[in-house]
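Presented below is the structure to which this report refers.
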Amino acid sequence: MAYRSLTELADQLERGETTAVELAQQYLARIEAHNPTLNAFVHCDAEHVLAQAEASDAYRAKHGARAMEGLPIAVKDIFCTSDGPTQCCSNILKGYHAPYDAHVITRLKEAGAVLVGKTNMDEFAMGSSNETSAFGSCRNPWHTDCIPGGSSGGSAAAVAAALTPAALGTDTGGSIRQPASLCGITGLKPTYGRVSRRGIIAFASSLDQAGAMTRTVRDAALLTGTISGHDPADATSAADAPDVDWLAACETRDMQGLRIGRPKEYFIDGMDPGVRAAVDAALEQCKALGAEIVDISLPHTQYAVAAYYVIAPSEASANLSRYDGVRFGHRCEHPEDLLDMYTRSRDEGFGAEVKRRILTGAFALSSGYYDAYYLKAQQVRTLIRQDFQQAFEQVDVIATPTSPVPAFRIGEKTDDPLTMYLSDVFTIAVNLAGLPGLSQPCGMVDGLPAGLQWIAPAWQEGRLLAAAAAYEAATPWHQQTPADFTAGEQA
Amino acid sequence: MSWEVVIGLEVHVQVNTKTKAFCGCSTAFGAEPNTQTCPVCLGMPGQLPVLNAEAVQKTILTGLAINATINLESRFDRKNYFYPDLPKGYQISQFAVPLVEKGYLDIPVGDGEKRIGITRIHMEEDAGKSMHEGLEGVSHIDLNRSGVPLMEIVSEPDMRSADEAIAYLKQLHQLIRFLDVSDGDMEKGQFRCDANVSVRRPGEPFGTRAELKNLNSFRFIKQAIEYEANRQIELIEDGGEVVQETRLFDSAKGESRSMRSKEEAHDYRYFPEPDLPPLRVSAEEVAAIRAGMPELPGQLRQRFEQEYGLSAYDADVLTQTRELATWYEQLVAAHPKDPKRCANWMANELLGRLNEAGRDIADSPVNAQALAGLLDRIEDGTISGKIAKDVLDAMMASGDSADAVIEAKGLKQVSDTGAIDALIREVMAANPQQVEQYRNGRDKLFGFFVGQVMKATRGQANPAVVNQRLKILLQD
């Protein structure tokens, strides 16, 4: 019974078959039972969760239900919340309590959602496997020796194992879509500017975007609709973004007349044959639903990873300068002088991957290297954006695999950052172009989920949702659940 | 062979907006440390900047006043460096494309003018303040100033002496206050200057420059530039070489010392600020700001000379600040008969007294209406100019009107010929010898009689009437 969608839970609450408190208790029981295995949550305060649930039930009784009344939502440890710690799974923010809620947290609270806790992630969202977390690796519910993907691995694992019906993640280079794919759930990264970044700890400001991680396409629409919208306190949040009829888009059941682009650069040698077969089958399914599959080319795709690993670390090198031991976060013991305080506080507080990216970024921005790295990467970014613009003259949406491989084993790639970086080879270009992208389950490879990625033009989340909803309705993949997580079930 | 000094100036001007450049915190000076801060200007995780539109408008206004190009699309960049009073570890500034470029300012040099090029004006945020003095083993940080909007005004290396540099700075200082884009209070750090100084033989290419930091008064700037120019000249004449470096001027010792060399210079790793979209302003907005441009000091000076017939000197004094000029025009409006008398009394008498009292025109105890009231009494002969000075003293002290002072002290001028004739007769009766001598041709004694009559009336007799009646009565 735990593997229910937000939509099903909302209906049950509406019919009075359950209460927010009951739901909170059920999910808290599952967190207690399974989190020691999965390490998906890094913070969960049961008392506080129940208090929110009680308040929600009282609100419903008095005023009726708001958009997400009583629905439990977990959030990645990157979202600032005025209750509980916000640590970005980094030692440098250990014990940090933000004095404010992120804009999206405010939106969730105003919609009546019950926040169940903070989920595990790669430190400062830098990673593709959740292994860089200062709080230990999170595990994939489908195979606990495997990584859940990253950086929003905790959110993906928590939803996949039904420790929460839905969660928020952030996506800078694939950090929602890749773990969603590896954990067999749905993940939606909105268009850059659709969701306010205020109160979300910055990794790479021009790429970061918050989004939904859910069991169904409709849930992703509900959650994204709740958190999106203009925020005057974020200058990069769009004031005039075209609206989406979030839930209506999910009613689509066929693909008549839909032109789906199949970029040849996303079906490459070296990708897992099982994943490739699953995606090929998915496209056949789309054809059966009435879509036309159009072979397209996104010629600059091969430069996306390189450009991303210049731009994102460059921005990060500045964004992470504020963690200096002066005002908040970790400060080393007995600093000898200012320089000692800076260097030791940061050396002790940051993990290896974060340091690697700060150094990479600082190097790329250095006088004498700026033109060759940062500026060149920005030029590549423009070319990638143009690739998509040209492609969308021919097609309505683009379909690709989300990740070239299913979940890999914990420790398998930690010594080889370059191989690790290739985990995001199919998701990064979408961030560089600022486009919306959605990953949904499309098959199983040796007991591990494979994901199908949809890409649409800017502000056309409606197209993603329509295609994904039609596909979901015609296939069983989103209903698959991992074994071994039945404890805590209350029939 | 002579040496030529080459000077370029970078001036940081605090823009007088109510709130900070990127958040809603107050910019008021002098509050308790760290009370005017919020998560944004404290650089807390996840916080984002939102640009203050008023700061943009004021920077554009300044750009228009120096005849510069306003870039309709400019950009913000991050300037990266670590310092405890810089909460984000970077300063939001404009590096690649500033809001304002290519302007100039004409400054007075000798009898003529000289045009000083202004390379650019860019917007940026101020850092907080570190405090080390009087603290053992620790430093304190006040972040009230963190995020306060600044304009950095960068000149071309067009100045050739410390005096020219000062003339430029004074002109600029006057301008920004006229435009009301800054309060320009140097003691509060609202107008700060760095100077780039080099020397060369005339006609040769520019020499290697040193940058002088921490110049916060006109006097120190002049001292610092002269010290630096002499240091460089001596160095070269002794066979040495000037190295590119940043030097800190110690105003107490009157000398500078090296702060960091070119090799130690920061690499600020500038890159476009991803939290702020490019700054776009429309030609219409710029036109509207131009339309609201107040009269500038030069224009005002010229108009005062032409419209009110003022001397160049008085016109200059009365246009030093917008407050002064406005005050003068209020005075003329209230006493329209004699704008020159207005200028005289304001520039010499009122400002002199305020200056002595260390007060500003804004808190003068005598307002324009009140001073006009005094001038009216001179005009209509109620009091003499000489008495009026005493009346003004009393007005300054008490805040009373001229009429009240005249009434209370009985200073009303005596113009009644009957009364004056009687006094003259008394004086003549008391000094028969002098009358005799005068009538025998000692004309000089006329002054003696005037003095005696004035003395008898404690100065209140109308001098013109006294003169006229004396001439008649002494002839009798």
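The values are calculated or read from the model by the stated rules, or taken from the named source; none is laboratory data. Keep in mind that this is a model prediction, so the values were computed, not measured. We place every Cβ from the backbone using ideal geometry, glycine too, and count neighbours over all the protein chains shown.
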With criteria (1) out of contact with any Lys or Arg (no Cβ under 6 Å at 6 or more places or on another chain); (2) buried (at least 23 other Cβ atoms within 10 Å of the Cβ); (3) part of a loop (DSSP other than H, G, I, E, B), A:Leu115 comes up short on (3)
Does segment B:341-356 contain any residue that is closer than 26 Å to B:Met454 by Cα and over 26 Å from the mean Cα position of the chain (by Cα)?
-> no
Take A:Gly325 and decide whether it is in contact with a Pro (Cβ under 8 Å, 6 or more places away or on another chain), within 11 Å of chain B (Cβ to nearest Cβ), buried (at least 16 other Cβ atoms within 10 Å of the Cβ) and part of a loop (DSSP other than H, G, I, E, B).
-> yes
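Per-residue answers, yes or no, for (1) within 24 Å of the chain's Cα centre (by Cα); (2) surrounded by fewer than 20 Cβ atoms within 10 Å (Cβ to Cβ):
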site: A:Gly225; (1), (2): yes, no
site: A:Ala248; (1), (2): yes, yes
site: A:Arg253; (1), (2): no, yes
site: A:Arg276; (1), (2): yes, yes
site: A:Val279; (1), (2): yes, no
site: A:Glu292; (1), (2): no, yes
site: A:Asn319; (1), (2): yes, no
Scan the helices (runs of 4 or more DSSP H) fully inside segment A:370-488 and keep the ones with 1 or more residues being buried (at least 24 other Cβ atoms within 10 Å of the Cβ).
-> A:376-394, A:428-433, A:461-474
Within segment B:241-289, tally of residues that are more than 30 Å from B:Arg200 (Cβ to Cβ), surrounded by 14 or more Cβ atoms within 10 Å (Cβ to Cβ) and away from chain A (no Cβ under 14 Å) = 4
Among the residues of segment B:295-312, write down those that are assigned to a loop (DSSP other than H, G, I, E, B) and exposed (fewer than 14 other Cβ atoms within 10 Å of the Cβ).
-> B:Gly309
Residue set B:Ala265, B:Ala315; condition out of contact with any strand residue (DSSP E or B) (no Cβ under 6 Å at 6 or more places or on another chain) and within 30 Å of A:Pro313 (Cα to Cα); output residue B:Ala265
If you check A:Lys62, A:Lys109, which single one turns out to be surrounded by fewer than 22 Cβ atoms within 10 Å (Cβ to Cβ), at pLDDT 95 or above and over 30 Å from A:Cys250 (Cα atoms)?
-> A:Lys62
Could you tell me whether any residue of segment B:201-224 is among the aromatic types (Phe, Trp, Tyr) and out of contact with any helix residue (DSSP H, G or I) (no Cβ under 9 Å at 6 or more places or on another chain)?
-> yes
Could you say which residue among B:Gly117, B:Gly103, B:Gly110, B:Gly134 is under 24 Å from the mean Cα position of the chain (by Cα) and without any contact (Cβ under 8 Å) to a residue 12 or more places away in the chain?
-> B:Gly110
Check on B:Ile66, buried (at least 16 other Cβ atoms within 10 Å of the Cβ) and within 20 Å of B:Val11 (Cα to Cα) = yes
Just need a number here: residues in segment A:10-48 that are surrounded by fewer than 21 Cβ atoms within 10 Å (Cβ to Cβ), touching a Leu at 6+ places or on another chain (Cβ under 8 Å) and touching a residue at least 12 places away in the same chain (Cβ under 8 Å).
-> 5
Exactly one of A:Ala316, A:Ala278 is at pLDDT 95 or above and away from chain B (no Cβ under 14 Å), and that residue is A:Ala278
Residue tally, condition within 14 Å of chain A (Cβ to nearest Cβ), buried (at least 21 other Cβ atoms within 10 Å of the Cβ) and within 30 Å of the chain's Cα centre (by Cα), over segment B:35-54 = 1
Could you please find all residues in segment A:122-141 being on the phi < 0 side of the Ramachandran plot and within 14 Å of chain B (Cβ to nearest Cβ)?
-> A:Glu123
Extreme residue, surrounded by the fewest Cβ atoms within 10 Å (Cβ to Cβ), among residues of segment B:73-89 that are more than 7 Å from every other protein chain (Cβ to nearest Cβ) and in contact with a helix residue (DSSP H, G or I) (Cβ under 9 Å, 6 or more places away or on another chain) = B:Tyr81
